[in-house]
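Following: one structure in structure tokens, then a few remarks.
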Amino acid sequence: KIWLDPDLIAGVDTDPEAARRNRIEVLSAAESRDAPVILYHEPGDCLVKIRKTEKGFEAVPLGD
């Protein structure tokens, strides 16, 4: 799930480092608030909770 990897920079990101920091901030806030997140453009489980792991962020489908 590309939305969970802050190091993947899209061609539309005019400031790649700011985009990376923003993604980390948003993912961290979602995890700390235990907020549901919609991973649009993702097949399958798109309504998830975000969890931080040793390897980065992961998406846990709601209900798991």
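The values are calculated or read from the model by the stated rules, or taken from the named source; none is laboratory data. Everything numeric here is computed off the predicted structure, so don't read it as measured data. Glycine also receives a Cβ, built like all others from the backbone with ideal geometry; neighbour counts cover every protein chain displayed.
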Given the conditions (1) more than 19 Å from G63 (Cβ to Cβ); (2) in a loop (DSSP other than H, G, I, E, B); (3) at pLDDT 90 or above, which single one is not true for D34?
(1)
Might you check whether a residue that is surrounded by 13 or more Cβ atoms within 10 Å (Cβ to Cβ), at pLDDT 95 or above and touching a Ser or Thr at 6+ places or on another chain (Cβ under 9 Å) occurs anywhere in region 38-51?
yes
